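Working notes, beginning with the structure itself.
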Amino acid sequence: MIILQIILFILIAPLLSGLITVIKNYLRMRKGQSILQPYYNLVKFFYKDEVISETASWIFRVAPFIVFSSALVASMLVPVFIFNRPILPVGDFIALVFIFTLGRFFLALAALDTGSSFGGMGSSREMFIASFVEPALCMVIFAISLQFGSTDITAFSGLHPITVSSVVAALALFLLVIAETSRIPIDNQETHLELTMVHEAMVLEYSGRSLALIELAAYLKQMIFFFLIAQLIFPIGLPLGNFVQVFLWSLWFIARIAVIAIAVAVVEVNLAKLRLFRVADFLGFAFVLGIIAVVCSILGA
Amino acid sequence: MLNLLIERFFLFDPLALFFLVVIFIISLPSFIYSFSYLKGEYPAFKIFSAQILLFVFVLSMAFVVSVSNCLVFLIFWEIMSLVSYFLVVFDTNNERSIKAGLVYIVMTHIGTAFIIAAFMILYNHAHSFDFIAIKNACSVMPQRTKDIVFLLFLIGFGTKAGIVPLHIWLPYAHPQAPSHISSIMSGVMIKTAIYGIIRFVIFILGINTSWWGILVLILATITSLVGIIYALMERDIKRLLAYSSVENIGIILSGVGLAMYFISLNLSYLAVFSLIAGLYHLINHAIFKGLLFLCAGSVYKATGTRDMEKLGGLIKKMPHTAVYFLLGAMAISALPPLNGFVSEWLTLQAFFLGAFNAIGGSKIFLGICAAMLALTSGLAVACFVKAFGIIFLAKPRSHYAESAKEAALPMRIGMLILAVFTVIFGLAAALVIKSLSGVSSSALGIDISNMSFFLNSLRFAPQIAKNTYLSTPLLALLLVLFSVIGFVIYRVFGNRRAVIYKTWDCGYYKLGPRNEYTATAFSKPFRIAFSFFLLPYRKTQKIRESFYHIKSFTYETHTTKVFKKYIYNPLFAFMLKLAKSMRKMQPGSIHLYLGYIFITLVLLIIFMERF
């Protein structure tokens, strides 16, 4: 079951990025790439030569594996098929955040490792954004777990009533996910201009298979966060009954994540990138939403 | 005779034993390390005296945490402070050491004065200096007196612990001492103040109002935030570590403060749990901060500088030290599966459980404190990415770093021991927590025999929240497993060619160390985001040859030390002014002095008669 879940995550995750790009192109009335482009990219990276900087140390070589494995471990923490108990008692929502931090820590070090000023810039900015994401994320986790009685992710899996608190928390989480997955208005995945790139600057020196692993990890992270938001506002039970019902269930299962992806795409098309120092305000707003979610859960709404 | 002495003056309860373990776990590696660290730096007789001082220092700390009498406690507390003062000014030729020592000894004695005042009030009520006698007397003490004693203790021990705004001495004194001493000072000595708070406030005074806990929590939150923001701005490795100690004291105090708060709310199981979190972070911080200071010492010995901007690329010159520093940095950044992660997780969990069981506004209060703790941990990650990245990665930024050599064997052994502990205390979390629960419950005087507590399914026998879980061994196993899978995928599939080539330089062809990101540049976004508190200012100077040609350009950026500028400097100025006006009383006439003595005597006689 657990292996199935991970394979499923790896298979679906790039599709979400493809979907977002397709929707963005549709909204901009462009004729863009196929929805499968992220897969082509991954395959392409695997067959490219890899260039490693001569300044780099073992940190640079090890970082992709750690980033990759942290994303995989994180995807194990998310309950997909079993709701009432954890598949493996590894950790809860708080642990999930720290596991992602592990990956980010090594990526930021690897960026500094090559001695390029792009890398330093990227890692400095990434750490800046990440450290402001943290309090708001903590507030959201607080709101969710106050409502469901535990910081465990399985607590809000399965069918549960949708409350004002969980909707507000989901909204705050949505803003944070934009920052975590380096999307407009916080960051821009499409840019390679030194003034605007954050995450891209950090992985600038990576190429070939290492880049493929890092990209895959980023897709997985995005998938996990979308999944959590979907879990909050579109609760879903277990598939029951005959084949048709299971089929409908799987459709809804994928559609609700796609809804989040569409929302992200719409936000990306309609907003301009913020200045780096305005990011704190943006994330401050998410923080305030988190507090509102806590207040709502106290009021029982 | 000896038995009698031990019975009369010592108290070896679980709390004392725990602190003894902390003291020796850090002191032993530091002692091994010191052999080759001191060699070559100082003349032989000085090394000998340093070892003697170290021995007395460790012994005095051990006595501080195990005596059971206020007077004896004070004596050892004072010995500890004085010996550490001598160790801070050990570099007697260094002007900065002397100044640091002065700040340290003044601050620490202000703290001691408050502790003495508290002891005097307690003695007045208990008519004894014995802990147990005082504890018994405290149950009938009026609340007003208790509040005053609590505040006195908080200021007194807070000075030693480095609670903001009493932290002022810490970033001066800790970096100036030899590195193995810094590791003991930061790792252990400031923890004796936490011991003081737990022993005297929680154990002896007893808690029955909620504002004590709230006050400690607020102070802890401010301390941790201020500490880490200053640490981020630092470019001196050891000062950075010292500021980060301020931060970690804040996190430890969060656990202690939560415990105090929960006692007043009658959530006794949660109080035990929070104190476990606090104590766990205490021992963790001792381990990784000790380790980081030892690593910083190795870097200093190898390069002769503590300025991060002059370092870089040391991972190739000092591979062992780099690994140890990396482990320490990961642990302090609370990255799984190392020890810092477990205690940070426990502290956040304590906040959550508290909020779940508290009512109304206190939920929001605890939530905001937890969020600030999360911000602190986010900033700590950034801070240690900067520290490790700038010191060890990329190309050497100066000749200091280029000529660095790996540390000698005893130094490596010292660091290795502590590095192994960061892993062990992460993986064996369940065992550690089990033994800490005994310490915590005995300190709080709460019976936990019907409380079951397992980490891999966090559960309380009296149900206070739904279950949650954390298993660091499993987490570590999975991380390793998936890394290996990633590596296998990497090796087996695709094109296996990897080219070693220059870093991309935009076609500039001259990418050198000067192009690298610096520590100051790394912290720039933070400096701007926290500019309301840091009040940064810059000095630029252009030397022009003509209007169009600038010959040289210097740029400096500084941050204002708010507490020093707005609290301490006016205070010292006032003190000096006061001293000057007092000088008029001393004109040098012996007759006048005799007059003073006579007047004092008369006043004292009246005082004794009346009161």
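Any read-out appearing in this document is the output of simple, stated calculations on the displayed coordinates, not a laboratory observation. Here the structure is a predicted model, which means the values were calculated and not measured. Don't worry about glycine lacking a Cβ; one is built from the backbone with ideal geometry, like all the others, and counts go over all protein chains shown.
Summary of computed values
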item	result
Residues B:LYS135, B:LYS395, B:LYS39, B:LYS289, sorted so that the one with the fewest Cβ neighbours within 10 Å comes first	B:LYS39, B:LYS135, B:LYS395, B:LYS289
Sites A:LEU238 and A:LEU299 - FRET efficiency at Förster radius 30 Å, r taken between beta-carbons, to 0.05	0.45
Helix-only [θ]222 nm of chain A, DSSP H runs n ≥ 4, -39500 (n - 2.57) each, per residue, nearest 500	-23500 deg cm²/dmol
Cα-only radius of gyration and Dmax that characterise chain B, units Å	26.4, 99
Ranked B:CYS138, B:CYS383, criterion: other C-beta atoms within 10 Å, fewest first	B:CYS138, B:CYS383
Förster-model FRET efficiency, 35 Å R0, B:ILE543 and A:PHE277, C-beta, rounded to 0.05	0.65
GNM result for chain A, Cα springs below 10 Å: residue of A:PRO235, A:PRO79, A:PRO89 fluctuating most strongly	A:PRO89
Above-threshold pairs, the threshold being 32 Å between Cα atoms, out of B:LYS310/B:LYS539; B:LYS386/B:LYS564; B:LYS135/B:LYS160; B:LYS46/B:LYS524	B:LYS46/B:LYS524
Rotationally averaged projected area of the range B:287-421 (alpha carbon convex hull; nm²)	8.5 nm²
Anchor B:LYS191: aspartates and glutamates whose Cα lies under 19 Å away (excluding residues fewer than 8 positions away in-chain)	B:ASP13, B:GLU78, B:GLU247, B:GLU344
DSSP H segments from chain A that extend 27 Å or more along their own axis, Cα-based, with Kyte-Doolittle mean of -1.0 or above	A:2-27, A:58-77, A:93-113, A:117-148, A:208-233, A:243-270, A:279-299
Within chain B, helix-based [θ] at 222 nm, where runs of 4 or more DSSP H residues each add -39,500 (n - 2.57), nearest 500	-23000 deg cm²/dmol
Counted charge near B:LYS551, where neighbours are those whose Cβ lies closer than 15 Å (Asp, Glu -1; Lys, Arg +1)	+1
Net lengthening on full extension, B:ASP13/B:ILE110 (0.36 nm per residue, minus Cα-Cα)	32.0 nm
Kirkwood hydrodynamic radius of the range B:228-477, Cα pairs, Å	18.9 Å
Sequence of B:ILE105, A:ILE59, B:ILE528 once ranked by neighbouring C-beta atoms within 10 Å, starting from the fewest	B:ILE528, B:ILE105, A:ILE59
Spatial separation of Cα centroids for the range B:381-441 and the range A:1-53, in angstrom	38 Å
Debye log10 I(q)/I(0) at q = 0.05 Å⁻¹ for the protein assembly as shown, Cα point scatterers	-0.30
Contact order normalised by residue count of chain B, Cα under 8 Å, 6+ apart, percent	13 percent
Fluctuation leader among A:GLU50, A:GLU215, A:GLU126 - chain A, Gaussian network, Cα springs under 10 angstrom	A:GLU50
Where labels lie 7 Å past Cα in the beta-carbon direction, separation of A:LEU4 and B:MET120 in nm	7.6 nm
Low-density loop positions, trypsin sites (Lys or Arg not before Pro), the range A:226-297 - DSSP coil, at most 15 other Cβ in 10 Å	A:ARG275
Relative contact order of the range A:6-90, pairs being alpha-carbon contacts under 8 Å that are 6 or more residues apart, as %	26 percent
Qualifying lysines (Cα of each under 25 Å from Cα of B:LYS363; at least 8 residues distant if same chain)	B:LYS466
The range B:382-399 - phi-based ³J(HN,Hα) in whole Hz, Karplus 6.51/-1.76/1.60, Gly and Pro as x	4, 4, 8, 4, 4, 4, 5, x, 6, 6, 9, 9, 6, 8, x, 8, 7, 5
Estimated D of the range B:513-559 in µm² per second, where Rh is the Kirkwood radius over Cα pairs and Stokes-Einstein applies at 10 °C, 1.306 mPa s	126 µm²/s
Chain A, relative contact order in percent, only Cα pairs under 8 angstrom and at least six apart counted	29 percent
Two-site label geometry, A:VAL167 and B:ALA579: point separation in nm, points 7 Å out along Cα→Cβ	6.6 nm
Rounded FRET efficiency, nearest 0.05, which uses the C-beta distance separating B:ALA44 from B:SER552 and R0 of 51 Å	0.65
Amide proton proximity set for B:ALA498, modelled H, under 5 Å, gap of 5+	A:GLU50
Rounded to whole Å, sorted largest first: equivalent-ellipsoid semi-axes of the range B:563-610, Cα gyration tensor	33, 18, 5
